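The values are calculated or read from the model by the stated rules, or taken from the named source; none is laboratory data. Model, not experiment: these values are computed from the prediction. Cβ sites come from the backbone with ideal geometry, for glycine too, and all protein chains shown count toward neighbours.
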Amino acid sequence: MTRAATADIVIRWLIAGGEALRGIDARSGSRTDLVLRARSGDPEAFEALIRAAGDHLLAVARKILRDPDAAEDALQQAVIRAWRRLPQLRDPDKFDAWLYRILVLACYTEASRSRRFRAQVRSVSPVDVERDVASSIADNEALAQAFVQLTPEHRAVVVLHHVAGLPMTEVARIVGVSHGTARSRLHYALRALRSALEALDRDGPEVPS
């Protein structure tokens, strides 16, 4: 398997299952009005903002933590903190990046507190399937196992850039590190995922006889 092919598989695996990650539309005037109203203490405006972004935020948290229960806890904490801190938001147009940062920090806290980010990787045993199907399953398992070995800080950079589609400058601001550090984390994480696939490619998937 070539390096380019390996990288393509890694990126496709990262995006798979992330259909809810559509991005948050922050450009409409009505939405800016909602942010302003919420910042002024309007709970209905805040609820409308969170309802619109809820699936997206939960999908990001799940990708980072790899544990649905931990992701829901992190999202709940992020929403509470966002409501409490919203009066401190100076620029309504930066609401999305601000909310992302609160969510990412909540994911870090949840991972550190419970260590549930080491979620069990679902084991799939292909029986009576074609070799290419078995290989695809093995790819997914190898990537999932490699992904849970990464720190939440590394996963956050990968998810925000390759799944949520944010530019690295924005990712760096959200996670609170320099642009160079963010790129270094991304490089390390993708290299680890590629290595997992390359090791699988050398050894070959186990196919039942």
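Among the residues making up segment 63-87, those that are under 13 Å from Trp98 (Cα atoms) and in contact with a Leu (Cβ under 7 Å, 6 or more places away or on another chain) are Ala78, Ala82. On inspection, Asp139 qualifies as closer than 28 Å to Leu197 by Cβ, buried (at least 17 other Cβ atoms within 10 Å of the Cβ) and at pLDDT below 75. The residues in segment 86-109 that are of a type in the set (Phe, Trp, Tyr) and more than 15 Å from the chain's Cα centre (by Cα) can be counted, and the count is 2. Within segment 64-92, the residues that satisfy the criterion of being in contact (Cβ under 8 Å) with a residue 60 or more places away in the chain and under 21 Å from His161 (Cβ atoms) are Ile64, Leu65, Arg66.
Can you name the residue in segment 51-63 that is within 18 Å of Glu153 (Cα to Cα) and in contact (Cβ under 8 Å) with a residue 24 or more places away in the chain and is also surrounded by the fewest Cβ atoms within 10 Å (Cβ to Cβ) among such residues? Residue satisfying both the conditions and the ranking: Leu58.
The condition of being modelled with pLDDT under 90 and of a type in the set (D, E, K, R) holds for only one of Asp91, Asp73, Asp128, that being Asp128.
The set of residues in segment 167-179 being surrounded by 20 or more Cβ atoms within 10 Å (Cβ to Cβ) and without any contact (Cβ under 8 Å) to a residue 40 or more places away in the chain consists of Val171, Ala172.
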